[in-house]
Amino acid sequence: MRQIAIYGKGGIGKSTISSNLSAALHEIGHTVMQVGCDPKRDSTRILAEGKFIPAVLEEHREQLRVGKDEYAINLDNIVFRSPGGVYLVEAGGPEPGIGCAGRGVLTALQILKDLRAFSTYNIDVAIYDVLGDVVCGGFSMPIREGFAEEIYLICSGGFMSIYAANNIARAVQRLAKRGDAGLAGIICNSNGDEAFEHAFIPAFAKKLGTSFVQFVPRSPLIQACELEGRPLVEYAPDSREAEIFRNLAKAIIENDSRVIPTPINDLAELETMYRQCLAKK
């Protein structure tokens, strides 16, 4: 089973990329499970017709409330099949103000493993859509515990998204030395400054020692799909945007590169690289 983690700055569009990628992978014949690793449980809305599905940790808490453990959980109560055929899971989070959200994500993933969800549904590609910038060790757990073997970074041309991607690469650098996980590439989710992004982000990927995988343009059609709760390959199958995600799906399936990244450790160096590219516009 391929285990792919999507990381990036909060609000950069990880769920949009993950959901459209999952749908495109399913379209080309893969059995896909998308696991939302965010307490907001909004990763899978695009695939679930705009609905919020119940979360693993909610069901787990309910079983604990009646004196049972995780093995009393029925998989049908935590794994849902989208109208398009992608299996959906939301990890959820702890009660507000109580506990560590990152640890909660790990608990949810461990429950899926213990209940043999991946083999039960014959999953061959698992997509983990992970919250934010790895600001605490808890959100590195999908990598640390071997759930995510291939890490893709999402960024735009905004400096803070580049800064976050570089920080995540530093975390991957540490964790990749402990196991089989590695950085598989960078995906650009454009903020609209396409000329700059086409120049800078491939150079940034090269600096990290990885590949630039796909450019996703800023598009009203992509935004419309989010509103309608449908992925592009279903909502607008003949569109240029749908073809972009088909190409992304094929590129990821064909990609066998997983590297220990070489992040930029000096902020001044990253700023200089960014300014120099801006000056060339």
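Taking the criterion of being over 21 Å from Tyr274 (Cα atoms) and open to solvent by less than 50 Å² (accessible area, probe 1.4 Å), the residues of region 174-205 that qualify are Leu175, Ala176, Gly179, Ala181, Gly182, Leu183, Ala184.
Looking at Ile222, Ile168, Ile162, Ile186 in this structure, which one is in contact with a strand residue (DSSP E or B) (Cβ under 9 Å, 6 or more places away or on another chain), under 13 Å from Asn20 (Cβ atoms) and not charged (D, E, K, R)?
On the way: Ile168 fails: under 13 Å from Asn20 (Cβ atoms); Ile162 fails: under 13 Å from Asn20 (Cβ atoms); Ile186 fails: under 13 Å from Asn20 (Cβ atoms).
Within the list Ile222, Ile168, Ile162, Ile186, the selection yields Ile222.
Count of region 266-281 residues, restricted to those that are open to solvent by 70 Å² or more (accessible area, probe 1.4 Å) and either closer than 28 Å to Ser18 by Cα or acidic (Asp, Glu) (or both), is 2. Tallying residues that are among the hydroxyl-bearing types (Ser, Thr, Tyr) and part of a helix (DSSP H, G or I) within region 239-278 yields 2.
Kindly indicate which of Leu221, Leu227 is open to solvent by 70 Å² or more (accessible area, probe 1.4 Å) and in a helix (DSSP H, G or I). Result: Leu227 is the single residue among Leu221, Leu227 that is open to solvent by 70 Å² or more (accessible area, probe 1.4 Å) and in a helix (DSSP H, G or I). Looking at Val135, is it at pLDDT below 95 and open to solvent by less than 30 Å² (accessible area, probe 1.4 Å)? It is false that Val135 is at pLDDT below 95 and open to solvent by less than 30 Å² (accessible area, probe 1.4 Å).
Any residue that is assigned to a helix (DSSP H, G or I), touching an Asp or Glu at 6+ places or on another chain (Cβ under 9 Å) and not polar (S, T, N, Q) - is there at least one of those in region 9-18? Yes, because at least one residue in region 9-18 is assigned to a helix (DSSP H, G or I), touching an Asp or Glu at 6+ places or on another chain (Cβ under 9 Å) and not polar (S, T, N, Q). Filter region 155-173 down to residues that are open to solvent by less than 10 Å² (accessible area, probe 1.4 Å) and in a helix (DSSP H, G or I) and give me whichever is farthest from Pro220 (Cα to Cα). Among residues in region 155-173 that are open to solvent by less than 10 Å² (accessible area, probe 1.4 Å) and in a helix (DSSP H, G or I), the one farthest from Pro220 (Cα to Cα) is Val172.
Scanning region 55-83 for residues that are over 19 Å from the mean Cα position of the chain (by Cα), not in a helix (DSSP H, G or I) and not hydrophobic (A, V, I, L, M, F, W, C) returns Gly67, Lys68, Asp69, Asn74, Pro83.
What about Val216, is it surrounded by 14 or more Cβ atoms within 10 Å (Cβ to Cβ), of a type in the set (Val, Ile, Thr) and in contact with a Cys (Cβ under 9 Å, 6 or more places away or on another chain)? Yes: the conditions hold for Val216. Give me a count of the residues in region 248-265 that are open to solvent by less than 80 Å² (accessible area, probe 1.4 Å) and not β-branched (Val, Ile, Thr). Residues in region 248-265 being open to solvent by less than 80 Å² (accessible area, probe 1.4 Å) and not β-branched (Val, Ile, Thr): 7 in total. Within the group Lys281, Lys207, Lys177, which residue is of a type in the set (Lys, Arg), modelled with pLDDT of 95 or more and on the phi < 0 side of the Ramachandran plot? One residue alone meets the criteria, Lys207. Go through region 16-58 and give me each residue that's open to solvent by 50 Å² or more (accessible area, probe 1.4 Å) and farther than 30 Å from Asp69 by Cα. Result: His26, Glu27, Ile28, Gly29, Glu49.
The values are calculated or read from the model by the stated rules, or taken from the named source; none is laboratory data. Everything quoted here is computed from the prediction, not taken from an experiment. FYI the Cβ positions are ideal-geometry reconstructions off the backbone, even for glycines, and counts take in every protein chain you see. What goes into the accessible areas is simple: the full protein's heavy atoms, side chains included, and nothing from ligands, DNA or RNA. Shrake-Rupley method; radii C 1.70, N 1.55, O 1.52, S 1.80 Å.
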